[in-house]
Structure formats: C-alpha cells, structure tokens
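Colleague: The structure is given below, and queries will be raised subsequently.
The values are calculated or read from the model by the stated rules, or taken from the named source; none is laboratory data. Predicted, not measured: the structure shown is a model, and the values here were computed from it. For neighbour counting, all protein chains shown are included, and Cβ atoms are generated from backbone atoms with ideal geometry for every residue, glycine included.
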Amino acid sequence: MRFWCSALEEPWSWSWRAYPGVWAASLAIAVPYLAARRRARSMRPQPLDPATTAEQRRQTWLFLAGVLAFWVASDWPLGVLGAGYLASAHMAQFMLYTLVAAPLLVLGTPEPMARRILAKLRLYRVMTRLTQPVFAGLVFNGCLVATHSPWAVDTLRANQFGSFVMDAVWLVSGVLVWLPICSPLVEHRLRAYPGKMVYLFLALGVVPAVPAGFLTFAGFPLYATYELAPRFYGLDAATDQQTAGLIMKLGGIPIVWGTIIAMMMRWADESKMPSPAALPPSPR
C-alpha cells in the first residue's frame, strides 16, 4: 500500500486506492486545531458575546474548508491523476493548494493561536522577515518555477516521498504568499489596501503568467512523466500540457481578481467613514 500518491506505470482505472498518508496529514492539520479551539473554550471564564462566537465559528469552518481542499487535492482521484497521468491534474492540484487551501487555513487561524504557535516554536522573528511582501512573493514564485521545472516534476513525482515534498512545498509557499494579505497577526499584514492589491496582482497574477504561457505555447511536451504515462481517455500529452498552462494562467483569475475587487469595495466603504478627528466632540 502506498502512503502518498505518486506516478504509476499501469493504465488508469477508476478503482479506488487508499492513501493513508493523505488521511494522516489531513488529520494532523485538523485535529490539533479543533483540540486547541476546544481547550480555549473550556478555559474561558465567561461566555463570549454573540458576535465573537459567530466569528469563531466562521473561522473554524474556514479552516476545516481549507483542510477539505487539501484532502481533495492530495487524495484519489485527483492526487493520483496529478502525480503520474495528467499535467493538467497536476496543475489543478497546485491551484487548490495555493489559492484555496492555503488562504482558507490562514483565514481560519485565530490570532491567539497563531501567536502561541510562533512563540512555542520561536519563529516570530523569522516569520516577521518571511512575511515581508517582496520576500514572500519571491519565495512563492521561486517555488512555483522550481516545482514546475521538468527535472523537479520527473524526479519528485516518481516516488511517494518526492511527491509528498512537492505537495508540502506548494501548501507552505501558498500560506506564505497569503500572509501579507490576511495574516492573523496585524503586524504581518500590509496596512494599506493599494499595497495589498498591487502585491496580490504581482505575486499571484503577473508572475505566474510567465511559466503558464511557456507551458501553453511550448511546441513539445516538457515532462517525461506525463508524456510517457498511459493515456487518459486518449488525451495526448501536448493537449494535456496546454490545458495545464491555461489552468495556471486563467484558473486563478476569479480568486485573485475577486479578492482585489472585494478589497476595493471595502476600501471605498472605509474611505466614506469620517475620521476620528472629524467627529464632533462628545458632550460632557
């Protein structure tokens, strides 16, 4: 039994396969989180107000949705297809890890929990540097280019450990690139909306379009793993690779531009609110 999805040499079959490593990883993310939330509730001296309770419930559901996205991207059938059959499925995995699972996990993490984790691991200073927008964007896009190089794909996808490393790098780099936008710690976030929008546009919109265009317009298959794989319902390697490039180029548009539009609307709403200095003095 394999613990993680990796390339197979046999023809594709819809027969279900068990990958206990994927289940263990999903539980390793979800169970400590739920235990910490339960422990925090039990130690609370008095009930919280309804608004705070609703916010905590929202965070929990966001985090669990992120775990679900991680599991869908890693497990059968998408994990198996992406590991050794289709470059397009490989790209769909990347998009799920970095644009769905990662931001949901970040949004679902409460500030006190994040501070405790960083303090316990002594990573606060390191994360302060890693969440600098230029550094976070460069690390993410460096991981994107490195993990989509022919050498990395053909080497790592060939075995379970390498495939696990690739998936883990995608998730970690995805979390890192979203921290300047929605980190639980206010000091790790960009303050101004224009800065957030420019950063998001460059880090997740412009730079990834370069390798995406290369995949789309390359005249030959780049990855031996997918070129030599048993064909999936007759889909040829060149068309599959072009589809992967289109997924990378177009798949993130709804999330990136949807986030930018949401920030623009929030910025406009906040700009209409009077500043504290402009408010009349309160009567004594």
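Colleague: What about residue 208, is it in contact (Cβ under 8 Å) with a residue 60 or more places away in the chain, farther than 19 Å from residue 5 by Cβ and surrounded by fewer than 17 Cβ atoms within 10 Å (Cβ to Cβ)?
Modeller: On the way: in contact (Cβ under 8 Å) with a residue 60 or more places away in the chain: yes; farther than 19 Å from residue 5 by Cβ: yes; surrounded by fewer than 17 Cβ atoms within 10 Å (Cβ to Cβ): no.
So residue 208 does not fit the description; no.
Colleague: What about residue 269, is it of a type in the set (D, E, K, R) and over 20 Å from residue 196 (Cα atoms)? Talk me through it step by step, then tell me what you get.
Modeller: Working: of a type in the set (D, E, K, R): yes; over 20 Å from residue 196 (Cα atoms): no.
Spelling it out, it is not the case that residue 269 is of a type in the set (D, E, K, R) and over 20 Å from residue 196 (Cα atoms).
Colleague: From the list 37, 17, pick out the single residue that is in contact (Cβ under 8 Å) with a residue 12 or more places away in the chain, basic (Lys, Arg) and outside any helix (DSSP H, G or I). Step through it out loud before you land on a result.
Modeller: Working: 37 fails: outside any helix (DSSP H, G or I).
Result: 17 is the single residue among 37, 17 that is in contact (Cβ under 8 Å) with a residue 12 or more places away in the chain, basic (Lys, Arg) and outside any helix (DSSP H, G or I).
Colleague: Look at residue 125 and say whether it is under 19 Å from residue 63 (Cα atoms) and part of a helix (DSSP H, G or I). Explain how you work it out, then say what you get.
Modeller: On the way: under 19 Å from residue 63 (Cα atoms): no; part of a helix (DSSP H, G or I): yes.
It is false that residue 125 is under 19 Å from residue 63 (Cα atoms) and part of a helix (DSSP H, G or I).
Colleague: Collect the residues in segment 52-87 that are within 26 Å of residue 154 (Cβ to Cβ), aliphatic (A, V, I, L, M) and touching a residue at least 40 places away in the same chain (Cβ under 8 Å), keeping them in residue-number order.
Modeller: Listed by number, the residues that qualify are 73, 80, 81, 83, 86, 87.
Colleague: I need a count of the residues in segment 200-226 that are of a type in the set (Gly, Ala, Ser) and more than 25 Å from residue 175 (Cα to Cα).
Modeller: 3
Colleague: Please verify whether residue 95 is part of a helix (DSSP H, G or I), modelled with pLDDT of 95 or more and surrounded by 17 or more Cβ atoms within 10 Å (Cβ to Cβ), treating the condition exactly as stated.
Modeller: Spelling it out, residue 95 is indeed part of a helix (DSSP H, G or I), modelled with pLDDT of 95 or more and surrounded by 17 or more Cβ atoms within 10 Å (Cβ to Cβ).
Colleague: Looking at 85, 124, which is the one that is crowded, with 23+ Cβ neighbours inside 10 Å and aromatic (Phe, Trp, Tyr)? Walk me through how you get there before you give the answer.
Modeller: Values: 124 fails: crowded, with 23+ Cβ neighbours inside 10 Å.
None of the others qualify; the one that does is 85.
Colleague: Right, here's the next one. I'm checking my understanding of the structure. Among residues of segment 211-236 that are in contact with a Pro (Cβ under 7 Å, 6 or more places away or on another chain) and touching a residue at least 60 places away in the same chain (Cβ under 8 Å), which one is nearest to residue 158 (Cα to Cα)? Full working, then the answer.
Modeller: Here is the first cut: in segment 211-236, the residues in contact with a Pro (Cβ under 7 Å, 6 or more places away or on another chain) are 222-223, 227, 230.
From what's left, touching a residue at least 60 places away in the same chain (Cβ under 8 Å): 222-223, 230.
Working: 222: 15, 223: 12, 230: 14 Å.
Result: 223.
Colleague: Hey, any hits in segment 110-123 for a residue that's closer than 19 Å to residue 181 by Cα, among the charged types (D, E, K, R) and within 20 Å of the chain's Cα centre (by Cα)?
Modeller: Yes - at least one qualifying residue is present in segment 110-123.
Colleague: Select from segment 231-247 the residues that are hydroxyl-bearing (Ser, Thr, Tyr) and assigned to a helix (DSSP H, G or I) and write down the one among them that is surrounded by the fewest Cβ atoms within 10 Å (Cβ to Cβ). It would help to see each step written out before you state the result.
Modeller: Of all residues in segment 231-247, those hydroxyl-bearing (Ser, Thr, Tyr) come to 233, 239, 243.
Narrowing further to those that are assigned to a helix (DSSP H, G or I): 239, 243.
Working: 239: 12, 243: 19.
Of everything passing the filter in segment 231-247, 239 is surrounded by the fewest Cβ atoms within 10 Å (Cβ to Cβ).
Colleague: Say we look at segment 136-153 and pick out the residues that are more than 16 Å from residue 248 (Cβ to Cβ) and surrounded by fewer than 15 Cβ atoms within 10 Å (Cβ to Cβ); which of these is farthest from the chain's Cα centre (by Cα)? Before you say what the answer is, go through the steps one by one.
Modeller: If we filter segment 136-153 for residues that are more than 16 Å from residue 248 (Cβ to Cβ), which is where we start, we get 136-139, 151.
Checking which are surrounded by fewer than 15 Cβ atoms within 10 Å (Cβ to Cβ) leaves us with 138, 151.
Numbers: 138: 16, 151: 23 Å.
Restricting to residues being more than 16 Å from residue 248 (Cβ to Cβ) and surrounded by fewer than 15 Cβ atoms within 10 Å (Cβ to Cβ), the top hit is 151.
Colleague: Sticking with this structure for a sec: Of these, 37, 58, which one is in contact with a helix residue (DSSP H, G or I) (Cβ under 8 Å, 6 or more places away or on another chain), among the basic types (Lys, Arg) and at negative phi? It would help to see each step written out before you state the result.
Modeller: Numbers: 58 fails: in contact with a helix residue (DSSP H, G or I) (Cβ under 8 Å, 6 or more places away or on another chain).
So the residue among 37, 58 that is in contact with a helix residue (DSSP H, G or I) (Cβ under 8 Å, 6 or more places away or on another chain), among the basic types (Lys, Arg) and at negative phi is 37.
Colleague: Oh, and also: Name the single residue that is farthest from the chain's Cα centre (by Cα) among those in segment 9-36 being surrounded by 14 or more Cβ atoms within 10 Å (Cβ to Cβ) and hydroxyl-bearing (Ser, Thr, Tyr).
Modeller: So the residue we want is 19.
Colleague: Continuing with the same structure: Do any helices (runs of 4 or more DSSP H) lying entirely in segment 189-230 carry at least 1 residues that are over 13 Å from residue 249 (Cα atoms), and which ones are they?
Modeller: On the way: elements: 193-201, 209-217, 224-227.
Passing ranges, in order: 193-201, 224-227.
Colleague: Run residue 76 past the list (1) in a helix (DSSP H, G or I); (2) in contact with a Cys (Cβ under 8 Å, 6 or more places away or on another chain); (3) under 28 Å from residue 223 (Cβ atoms); (4) not hydroxyl-bearing (Ser, Thr, Tyr) and report the number of the one that doesn't hold.
Modeller: (1)
Colleague: Hey, another quick one. Just to check your reading of the model, which residue among 179, 156 is under 15 Å from the mean Cα position of the chain (by Cα) and surrounded by 15 or more Cβ atoms within 10 Å (Cβ to Cβ)?
Modeller: Numbers: 156 fails: under 15 Å from the mean Cα position of the chain (by Cα).
On inspection, the qualifying residue turns out to be 179.
Colleague: Would you pick out the residues in segment 40-57 that are in a loop (DSSP other than H, G, I, E, B) and of a type in the set (A, V, I, L, M)?
Modeller: 43, 48
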